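The block underneath contains the structure these notes are about, expressed in structure tokens.
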Amino acid sequence: MINGVLNVWKEAGFTSHDVVAKLRGILHQKKIGHTGTLDPDATGVLPVCLGKGTKLCDMLTDETKTYEALLHLGLATDTQDMSGTVTAEAPVSATEEEVRACIASFVGEQQQIPPMYSALKVNGKKLYELAREGIEIERKARTVHFYKIDILEVKLPLVRMEVTCSKGTYIRTLCHDIGEKLGCHGCMEQLIRKRVGQFEKEGAHTLNEIAAIVNEERLAEILVPVDEIFTKLRSFVTADDHAGKLAENGNPLKPEQIRETGAAVSGGTFTPDEEFRLYLEDGTFVGVYQYRPSQNLTRPVKLFLERT
């Protein structure tokens, strides 16, 4: 089985589920999962997890993301993007300076109401399914965070901007909300996802490129190993065979049963609740452990070692 993460460049016209389905055919493997839905018309970075890496899906979905979006002022649609039906039009009377000031006001923590055309579920049914039936229901606002919004180009009624934001953020809704605040409506004309956590546009590959790389037996060149997702954490190894057996079964370990990679002696100093990478003596990645000072133990947070 192939284990790790692929940085896929999703092209327009594909759903995120389409990408997974096509990769299953390319890699001849069923255990594959994506890390956050991109609209069919959108393009961009879509990390796809393989094998043991599927345990990373929820973690990567929680990562911050960077988008490049084209805002079209003067129009509102039922989907909040240009694929929908126009529901309102208004002249754009705001000046470029007023537009820039309005967009800047969205930086920071915001309350955002998810759009009806989204994959969020209510009572077991996706919102977009209800929307297609002509049903609109009340949605609760959610707290999101816009860390940075850079305006790349202004050619009213169009504004191109780069947005770095938290998980659960809808850029379509941001475009809609900007238009409403300016009093002229707004929707999203184009969306490119440039980054998800550590995965960036520059390292992404299309499905055709991945298929060619697989045919050339070069997949290892672009496959990100599971443990590389945690390179910011310190690395430790089990101190002996007994500790290794305990780790293989997901048991807690005493600090003296592990040693920092490269260190000559076991144990060491931990900060309270510090997380770290744990490996067996042969270099096999076990998972992420955390030091619990109240118990003076290290306990597993996420295990990736599967018993054979």
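Exactly one of these conditions fails for Ala21: (1) touching a Phe, Trp or Tyr at 6+ places or on another chain (Cβ under 8 Å); (2) surrounded by fewer than 20 Cβ atoms within 10 Å (Cβ to Cβ); (3) in the same structural domain as Leu207 (by TED's automatic domain parsing). Give me its number.
Failing condition for Ala21: (1).
Inside segment 80-181, counting only strands (runs of 3 or more DSSP E) that do not spill past its ends, which hold 3 or more residues that are surrounded by fewer than 18 Cβ atoms within 10 Å (Cβ to Cβ) and of a type outside the set (Gly, Ala, Ser)?
Strands (runs of 3 or more DSSP E) meeting the threshold: 86-89, 142-155, 158-165.
Could you check how many residues of segment 20-73 are in a loop (DSSP other than H, G, I, E, B) and hydrophobic (A, V, I, L, M, F, W, C)?
Matching residues across segment 20-73 total 2.
Would you say Phe270 is surrounded by 17 or more Cβ atoms within 10 Å (Cβ to Cβ), more than 13 Å from Leu303 (Cβ to Cβ) and in contact with a Leu (Cβ under 7 Å, 6 or more places away or on another chain)?
no
Search segment 285-301 for residues being surrounded by fewer than 16 Cβ atoms within 10 Å (Cβ to Cβ) and within 28 Å of the chain's Cα centre (by Cα), and hand back the single one that is farthest from Gly267 (Cα to Cα).
Applying the filter and picking the extreme gives Val301.
Cβ contacts < 6 Å: first residue within 15 Å of Gly179 (Cα to Cα), restricted to segment 97-125; second residue exposed (fewer than 13 other Cβ atoms within 10 Å of the Cβ), any location; separation 6+ or different chain. Result?
Listed by first residue and then by second, the contacts come to Ile113/Ala141.
Could you check segment 188-307 for strands (runs of 3 or more DSSP E) lying wholly inside it with 3 or more residues that are over 30 Å from Asp78 (Cα atoms) and of a type outside the set (D, E, K, R)?
Per the criteria, 234-238, 275-279, 285-292, 297-303.
Is at least one residue of segment 112-123 in contact with a strand residue (DSSP E or B) (Cβ under 9 Å, 6 or more places away or on another chain) and modelled with pLDDT of 90 or more?
For segment 112-123, residues in contact with a strand residue (DSSP E or B) (Cβ under 9 Å, 6 or more places away or on another chain) and modelled with pLDDT of 90 or more: present.
In segment 173-210, what residues are out of contact with any Leu (no Cβ under 7 Å at 6 or more places or on another chain) and among the basic types (Lys, Arg)?
Selection gives Lys181, Lys194, Arg195, Lys201.
What residue, of Ala12, Ala104, Ala69, Ala90, is small (Gly, Ala, Ser) and touching a helix residue (DSSP H, G or I) at 6+ places or on another chain (Cβ under 8 Å)?
Only one candidate passes the filter, namely Ala69.
The values are calculated or read from the model by the stated rules, or taken from the named source; none is laboratory data. Because the structure is a prediction, the values reported are computed rather than measured. Cβ atoms come from the backbone with ideal geometry, glycine included; neighbour counts cover every protein chain shown.
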